[in-house]
Amino acid sequence: MFLRKLSIAATVLSLVTMIATTGAHAQDRRVTIVNNSGYTIVQFYASHRDAPTWEEDIWGNDVLPSGSSFRVNFDDGTGYCIFDFKAVFDDGEVLVDRHLNVCELSTFTYR
């Protein structure tokens, strides 16, 4: 009887652990980047909080003119929700925003 209860408890604990760890992976990491700055964003980078460097330019050869928006999926397969953003504008200004939770954020606006 004791072993059966122990087995049931272990199974329940295993299921709870599995649900808790897959919850972060199942989060929606899509964020709409809105540019209302008056300047064109010519480069945009995003890296999860523990990345040693910035990842590649998300725009590639494209740009994001002022008054436009672009939806980005930040799911890089790592399970991270906390990301840093770096936007480079056509006037040379660079803005870095740190510790943004892309699992909770649906829109991020540059003004």
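Let's see how each residue does on (1) open to solvent by less than 30 Å² (accessible area, probe 1.4 Å); (2) of a type in the set (S, T, Y):
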residue: G38; (1), (2): no, no
residue: V42; (1), (2): no, no
residue: A51; (1), (2): yes, no
residue: I58; (1), (2): no, no
residue: D62; (1), (2): no, no
residue: D75; (1), (2): no, no
residue: V96; (1), (2): no, no
residue: E104; (1), (2): no, no
residue: T109; (1), (2): no, yes
Which pairs have Cβ atoms under 7 Å, sit 6 or more apart or on different chains, and link a residue in segment 79-108 that is without any contact (Cβ under 8 Å) to a residue 40 or more places away in the chain to one that is among the hydrophobic types (A, V, I, L, M, F, W, C) and open to solvent by 60 Å² or more (accessible area, probe 1.4 Å)?
-> D84/V96
Residue count, segment 77-94 (criterion: open to solvent by 50 Å² or more (accessible area, probe 1.4 Å) and more than 14 Å from the chain's Cα centre (by Cα)) | 5
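The values are calculated or read from the model by the stated rules, or taken from the named source; none is laboratory data. These figures come from a predicted structure and were not determined experimentally. So basically every Cβ, Gly included, is an ideal-geometry build from the backbone, and we count neighbours across all protein chains shown. Accessible surface areas use protein heavy atoms only, side chains included; no ligands, DNA or RNA. Shrake-Rupley method; radii C 1.70, N 1.55, O 1.52, S 1.80 Å.
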